[in-house]
1. Computed from these coordinates, which is Rg/Rh (Cα atoms, Kirkwood Rh): (1) 1.13; (2) 1.33; (3) 0.95?
2. Mind ordering 60-67, 30-37 by average Cβ neighbours within 10 Å, highest first?
3. Could you state the number of Å between the C-alpha centres of the range 20-69 and the range 1-19?
């Protein structure tokens, strides 16, 4: 099942960093890509910034609404 295509600058995997749960998934790049990784400690620090926090929350809401459609 295909869940999403991500564009340049987008991110994935944030749900696991937020709730500590994982869901088996495979991510495949269809064009040459650079993937950056952040651990839970770094992510927690990022979440302390209101602008970043709000952006992640809006993205999660958008993804939920897309899934409901």
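Values in this text are rule-based calculations from the coordinates and carry no lab data. A quick note: this is a predicted structure, and the numbers were derived from the prediction, not measured. Backbone-built Cβ (ideal geometry, glycine too); neighbour counts: all protein chains shown.
1. Given (1) 1.13; (2) 1.33; (3) 0.95, the calculated one carries the label (3).
2. Put in order of decreasing packing, that is 60-67, 30-37.
3. When both Cα centres are located, 5 Å separates them.
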